[in-house]
Amino acid sequence: MSVRVQCEDFDLGAEVAALRHGQPGVGAVASFVGTVRDMNDGSAVSAMELEHYPGMTEKALARIEAVARERWALLGVTIVHRVGPLLPLDQIVLVAVASAHRGNAFAACEFIMDYLKSEAPFWKKEQTPDGARWVDARVTDESALARWGIRSLNATAEVADVQTPGLKG
């Protein structure tokens with residue numbers, strides 16, 4: 001497991017190589033890279049800044065990763081989320097998942113990203129033509145969570161308390 005919150009950019013190729021290193025049982029790696037868009041909610045975005053609570057954020061990401069490991073047979077997970085000032089086209093987040101089979105890798109990667117987007121404690125300030133605005137970066141997407149059998153935990157303290165059906169295989 002590798003969960004990091006950092007200001008520095010990340011290298012997708014290096015992260016995937018590290019995830020696979022020394023694991024001949026890896027048959028699939030699925031990854032998602034999120035980037036800064038130049039538009040949000042109908043307004044141009046020239047820059048944004050992501051903030052978090054050190055320690056609390058990493059703990060939340062580790063719990064999300066643990067829930068994914070309970071659901072799917074995974075050989076490795078890497079989650080990297082950037083904070084600080086970012087510009088359009090900058091990478092924000094990486095989720096990479098290694099498994100013996102593609103189905104587990106694809107599903108777990110999508111699950112982690114959906115869960116992270118809804119539940120991880122990040123706050124962003126966007127710079128728009130009308131000035132700066134704070135946006136709750138934990139955009140609750142009830143439909144994304146519902147397809148995984150999860151309700152939003154934004155109002156609760158522990159991600160680990162979610163009961164998930166075993167889908168390992």
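Any read-out appearing in this document is the output of simple, stated calculations on the displayed coordinates, not a laboratory observation. Note that this is a predicted model, so its numbers are computed, not measured. Don't worry about glycine lacking a Cβ; one is built from the backbone with ideal geometry, like all the others, and counts go over all protein chains shown.
Assorted remarks:
- Relative protection proxy for 129-136, 58-65, from highest mean packing down: 58-65, 129-136 (other beta-carbon atoms within 10 angstrom).
- Beta bridge orientation in region 1-92: antiparallel %, DSSP, nearest 5: 55 percent
- Computed over region 76-122: relative contact order in percent, which uses C-alpha pairs under 8 Å that are six or more apart: 30 percent
- Remark on residue 40: its backbone amide H falls under 5 Å from those of 45, a criterion applied only to residues 5 or more positions apart or on other chains, H modelled at 1.01 Å from N.
- Taking the empirical scaling 2.2 N^0.38 Å for compact globular proteins as reference, region 48-127 has a Cα radius of gyration ratio of 1.16.
- Note on residue 136 and residue 44: their simple-model spin labels are 2.9 nm apart, each label 7 Å out from Cα toward Cβ.
- Taking the Cα centre of region 1-105 as reference, the dipole from Cβ charges on Lys and Arg (+1) and Asp and Glu (-1) amounts to some 560 debye.
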